[in-house]
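Here the structure is laid out as structure tokens; the discussion comes afterwards.
The values are calculated or read from the model by the stated rules, or taken from the named source; none is laboratory data. All values reported here derive from a predicted model rather than from experimental measurement. Positions of Cβ are backbone-derived with ideal geometry, glycine not excepted, and every protein chain shown enters the neighbour counts. Note: areas computed on protein heavy atoms with side chains; ligands, DNA, RNA excluded. Shrake-Rupley method; radii C 1.70, N 1.55, O 1.52, S 1.80 Å.
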Amino acid sequence: MKMNRLRYALALLFLVGQWVYAQDTIPVQPKPDRHSEPIYSSEEMTRLMEFIAVDSPMPDKFLQTEDNVLTDPTASLAPFFAKLKRLDRPVRIVHIGDSHVRGHVFPYVMRRCLEDDFGMRAVEDLPVSYQTSGLAVETGREGVVYHILGVNGATCASYSTPERLQKVADLHPDLVIVSFGTNEAHGRRYSAFEHTEAMRTMLAVLKQQCPGAAFLWTTPPGAYVRNGRRGPRVINPRTPSVVSTELRFARENGLAVWDLYDIVGGKERACLNWNAAHFYQRDKIHFTREGYIVQGLLLHEAFIKAYNDYVATGLE
């Protein structure tokens, strides 16, 4: 990301140079120009300087996509963004979820992008892979601390054991990112009521044990299932119901949500887009490294857009 910004800055300097040398000779005493007054106030310029540059990572092959943004009608992330803007201490994020999170690539891309944006003084620069822990090692300095806690095969209900939720609380998160839904959709007797109750239980415990934490829910990317024991793989027909349940839960509880499923094409195109880009592994449930990298970059883009909106509005 920094390299992209550096290239942009150098290109801008080059264009400015070309523009200067292409102009006519400047008069010794130019005429007063009422249009040359500053456009921005000092306060506005300060806010502009605080914006984080972010590029769109949406693959060109993806069709019928939506704008990659977070939905947060109650501005529930504003207190967290205020901490991130001040950055006068370690600001902690804990990302929990299923095997998409446990694979570490998807959340690790998000983690490194945020460290690039806000600095990595708060953590030791240690490699993260499938074989390592996803927990960051803190230095005690100010900055972003991003912990990864995924469990293979987990649903929201199965993840919500006292031990696991206590482990989340022990990390003292300022933000908890919750990424479930793929395994819920694989239950052939999926119940929206049971799913909602599981999310309600998890949220209640985390709110009690993590006072002051904000929450960001994410929807699953989409997957295929077997049509019978030996039949061909078909697009999982239950994913739209799972996504609808999660979106409704977030709306009813005033939570921020990143709807990855609908952003990348939804019921009509999400799975077809992932497949066309060759981002699935053979099971068409899990993703290649490249696929998870795209997901991490997409989450980062939406997150930074929301942060920039916060900076622009000056909400506290």
- Task: Being more than 14 Å from His100 (Cβ to Cβ) and open to solvent by less than 20 Å² (accessible area, probe 1.4 Å) narrows it down to one of Ala250, Ala223, so name that one.
- Result: Ala250
- Qualifying positions in the range 242-267 - closer than 14 Å to Ala185 by Cβ and among the charged types (D, E, K, R): Glu246, Lys267
- Message: Tell me whether the range 53-73 contains one or more residues that are modelled with pLDDT under 95 and among the hydrophobic types (A, V, I, L, M, F, W, C).
- Response: yes
- Ala302 fails exactly one of (1) open to solvent by 10 Å² or more (accessible area, probe 1.4 Å); (2) over 25 Å from His186 (Cβ atoms), namely (1)
- Message: Suppose we filter Arg112, Arg102 for residues that are more than 28 Å from Phe249 (Cβ to Cβ) and charged (D, E, K, R); which single one remains?
- Response: Arg112
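So which residues in the range 264-284 are open to solvent by less than 40 Å² (accessible area, probe 1.4 Å) and out of contact with any helix residue (DSSP H, G or I) (no Cβ under 7 Å at 6 or more places or on another chain), if there are any at all?
Listed by number, the residues that qualify are Gly266, Cys271, Asn273, Ala277.
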- Query: Across the range 285-299, which residue is surrounded by the fewest Cβ atoms within 10 Å (Cβ to Cβ) among those that are aliphatic (A, V, I, L, M) and closer than 21 Å to Asp60 by Cα?
  - Reply: Ile293
- Mind listing whichever residues of the range 161-200 are open to solvent by less than 90 Å² (accessible area, probe 1.4 Å), more than 21 Å from Val91 (Cα to Cα) and either in contact with a His (Cβ under 6 Å, 6 or more places away or on another chain) or assigned to a loop (DSSP other than H, G, I, E, B) (or both)? Thr161, Phe180, Gly181, Glu184, His186, Gly187, Tyr190, Ser191
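From Ala213, Ala223, Ala276, which residue is touching a residue at least 24 places away in the same chain (Cβ under 8 Å), closer than 25 Å to Tyr108 by Cα and touching a Pro at 6+ places or on another chain (Cβ under 7 Å)?
The match here is Ala213.
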- Query: Quick one: how many residues across the range 61-106 are under 18 Å from Thr219 (Cβ atoms), open to solvent by 30 Å² or more (accessible area, probe 1.4 Å) and part of a loop (DSSP other than H, G, I, E, B)?
  - Reply: 8
